[in-house]
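> So that we are looking at the same thing, I have put the structure below in structure tokens.
The values are calculated or read from the model by the stated rules, or taken from the named source; none is laboratory data. Remember, predicted model here, so these are calculated numbers, not experimental data. Don't worry about glycine lacking a Cβ; one is built from the backbone with ideal geometry, like all the others, and counts go over all protein chains shown. Just the protein is used for accessible areas: all its heavy atoms, side chains included, with ligands, DNA and RNA removed. Shrake-Rupley method; radii C 1.70, N 1.55, O 1.52, S 1.80 Å.
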Amino acid sequence: MSDSAIRRLEPSGNFQRHKTLTVMDYESQERRLPTKEERAAKKQQAREDAEKELAARKKEDDAFRANFERLKAERLARESKS
């Protein structure tokens, strides 16, 4: 196919050719597998992140529960007065 034929097929403006339609360079597509130490470090980091998130969630839940109980006590006090 000549250059002029390719230019006619290739859209211009906002309709550019998608990256997957271009020629693939398979050498750059090869992924290096992580080492055992890298996998262990990633797993440990994920565990630490999850523990931080759980601690933050527990703190929020405890604050919500305390506020809920306070409001409930105030409501019961108002109801008992009337």
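> For the structure I just gave you, tell me whether residue 27 is acidic (Asp, Glu), at pLDDT 95 or above and either open to solvent by 80 Å² or more (accessible area, probe 1.4 Å) or part of a helix (DSSP H, G or I) (or both).
No, not satisfied.
> Another question, then. Is it the case, given these coordinates, that residue 69 is charged (D, E, K, R), surrounded by fewer than 10 Cβ atoms within 10 Å (Cβ to Cβ), assigned to a helix (DSSP H, G or I) and over 24 Å from the mean Cα position of the chain (by Cα)?
Criteria not met by residue 69.
> Quick check on residue 5: is it at pLDDT 95 or above and either surrounded by 10 or more Cβ atoms within 10 Å (Cβ to Cβ) or not hydroxyl-bearing (Ser, Thr, Tyr) (or both)?
It is false that residue 5 is at pLDDT 95 or above and either surrounded by 10 or more Cβ atoms within 10 Å (Cβ to Cβ) or not hydroxyl-bearing (Ser, Thr, Tyr) (or both).
> Given (1) modelled with pLDDT of 90 or more; (2) open to solvent by 100 Å² or more (accessible area, probe 1.4 Å); (3) of a type in the set (Asp, Glu), identify the lone condition not met by residue 62.
Here residue 62 clears every test but (2).
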